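The block underneath contains the structure these notes are about, expressed in structure tokens.
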Amino acid sequence: MKRFISLILLVFMFSAVFSQTEKKDAYDMWRNGRYPEAIEVCLEEINNMPGNLDSYVVLCWSLIENGQYREAEYWSTKGRTVSRYDPRLVEVLAEAQFYLGNNEKSLETFQEFISLATSSSSRFGVAYYFMGEIYVRQAKYNHADIAFSQAVMTEPQRDYWWTRLGYAREMAGEYKTAADAYDQALTLNPSRNEAKLGRTRVLQHLQ
């Protein structure tokens with residue numbers, strides 16, 4: 001009888017460990033680019049535990065990376081019924097709205113994220129980058145300059161962000177500061193062709 005009880009306990013412990021490992025696997029799958037697998041695991045987790053906030057987050061990250069923006073919008077909104085002000089879900093909802101072309105909604109949601117997050121958040125600079133792209137879409141280049149400037153201040157090694165900052169300044173007619181941004185992009189990545197072309201254009205205006 002004791003051996004039977006011990007066997008039951010071992011099975012229970014194994015099941016608990018397996019469940020925890022499976023949860024970690026969803027995150028690892030996302031990190032390793034195995035997005036469809038991560039989506040499948042997260043959906044199963046949510047089905048079993050509808051209040052599992054981390055499952056919603058990893059699911060939405062995976063959906064975004066997999067190009068399933070409408071689904072990411074749906075699940076991030078659903079996740080916010082569990083925790084309305086979780087910054088991760090707010091940010092990923094804003095990204096989904098951005099990719100769906102809902103510029104005003106996306107901008108509002110990114111602003112909400114910034115109000116909830118701290119400057120040390122891993123997505124803080126990303127939020128400002130996307131806001132800059134929205135302002136470029138709207139031809140509000142001075143606004144884009146401010147947003148991209150904040151983005152590169154947060155993560156100064158992002159050469160593409162410096163390129164987009166240069167473009168926003170170029171479109172605003174700020175050719176000197178545009179050249180500075182393009183130069184910084186090329187310092188970080190000499191092969192960035194967009195920055196090379198942009199730098200050539202603005203230097204022609206400065207001659």
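Note the listed values (1) 22.1, 92; (2) 17.5, 54; (3) 18.5, 59, then indicate which one is Rg and Dmax of the Cα atoms in Å calculated from this particular structure.
This structure yields the entry labelled (1).
Go through 144, 110, 53 and say which Cα lies farthest out towards the positive end of the charge dipole of the chain; charges sit on Cβ, +1 for Lys and Arg, -1 for Asp and Glu.
53
Each label point is 7 Å from the Cα along the Cα-to-Cβ direction; what then is the distance between the points at residue 28 and residue 47, in nm?
Result: 2.2 nm between the two label points.
Taking the highest mean first, how do the peptides 174-180, 159-165 order by number of other beta carbon atoms within 10 angstrom per residue?
Working: 174-180: 18.0, 159-165: 23.9.
In descending order of packing, they fall as 159-165, 174-180.
Please give the contour-minus-distance gain from residue 84 to residue 160: 0.36 nm per residue of separation, less the Cα-Cα distance, rounded to one decimal in nm.
24.2 nm
Taking the mean number of other Cβ atoms within 10 Å as a proxy for protection, how do you rank 195-202, 134-141, 48-55 from highest to lowest? Show your work: numbers first, answer last.
On the way: 195-202: 18.6, 134-141: 17.0, 48-55: 15.0.
Sorting 195-202, 134-141, 48-55 by mean packing, highest first, produces 195-202, 134-141, 48-55.
Run the 1.4 Å probe and let me know the accessible area of residue 59, rounded to the nearest 10 Å².
0 Å²
For the chain, what does the helix formula give at 222 nm: sum of -39500 (n - 2.57) over DSSP H segments with n ≥ 4, over the residue count, nearest 500 deg cm²/dmol? Write out the running numbers ahead of the final one.
Values: 11 runs with 164 residues, N = 207.
The helix contribution divided over the chain gives -26000 deg cm²/dmol.
Size of the dipole of the chain about the Cα centre, Lys and Arg at +1 and Asp and Glu at -1 on the beta carbon, nothing else charged, in debye to 20? Before the final figure, lay out each step's value.
On the way: 23 positive and 26 negative charges, 37 e Å.
Computed about the Cα centre, the dipole is about 180 debye.
Rounded to the nearest 20 debye, what is the charge dipole size of the range 29-73 about its Cα centre when +1 sits on each Lys and Arg Cβ and -1 on each Asp and Glu Cβ?
Magnitude of the dipole: close to 120 debye.
The values are calculated or read from the model by the stated rules, or taken from the named source; none is laboratory data. Model, not experiment: these values are computed from the prediction. Because the Cβ atoms are built from the backbone with ideal geometry, glycine has one as well, and the counts that use them run over all protein chains shown. What goes into the accessible areas is simple: the full protein's heavy atoms, side chains included, and nothing from ligands, DNA or RNA. Shrake-Rupley method; radii C 1.70, N 1.55, O 1.52, S 1.80 Å.
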